[in-house]
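S.K.: Here it is, the structure, as structure tokens.
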Amino acid sequence: MDIEKANKAIKDAYICGLGWGLLILIFALPNFVSLDLLGAFVIFGLAFGTYKRSRACAVLMFIG
């Protein structure tokens, strides 16, 4: 994989993580379930870690 494809894959991964966290946040707010809110913020943190090119965050987000 060349550097351009890797950068595009990283960008796609953190945008997907932001979307996933936003969906969880939207559905958790009306019910105010604290564990769902915590899960959304964990996903946002993993997406930020992926944006900063952390392999561990990318793998954890992929597994989750």
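S.K.: Take the residues of the range 46-64 that are without any contact (Cβ under 8 Å) to a residue 40 or more places away in the chain and outside any helix (DSSP H, G or I): which is farthest from G19 (Cα to Cα)?
M.R.: S54
S.K.: Given the residues D2, D36, which is the only one that is modelled with pLDDT under 95, surrounded by 11 or more Cβ atoms within 10 Å (Cβ to Cβ) and of a type in the set (D, E, K, R)?
M.R.: None of the others qualify; the one that does is D36.
S.K.: Moving on. So how many residues does the range 1-45 have that are out of contact with any helix residue (DSSP H, G or I) (no Cβ under 7 Å at 6 or more places or on another chain), closer than 18 Å to V59 by Cα, part of a helix (DSSP H, G or I) and not charged (D, E, K, R)?
M.R.: Of the residues in the range 1-45, 9 are out of contact with any helix residue (DSSP H, G or I) (no Cβ under 7 Å at 6 or more places or on another chain), closer than 18 Å to V59 by Cα, part of a helix (DSSP H, G or I) and not charged (D, E, K, R).
The values are calculated or read from the model by the stated rules, or taken from the named source; none is laboratory data. Note that the coordinates shown come from a computational prediction; the quantities given were computed from them, not determined experimentally. Cβ sites come from the backbone with ideal geometry, for glycine too, and all protein chains shown count toward neighbours.
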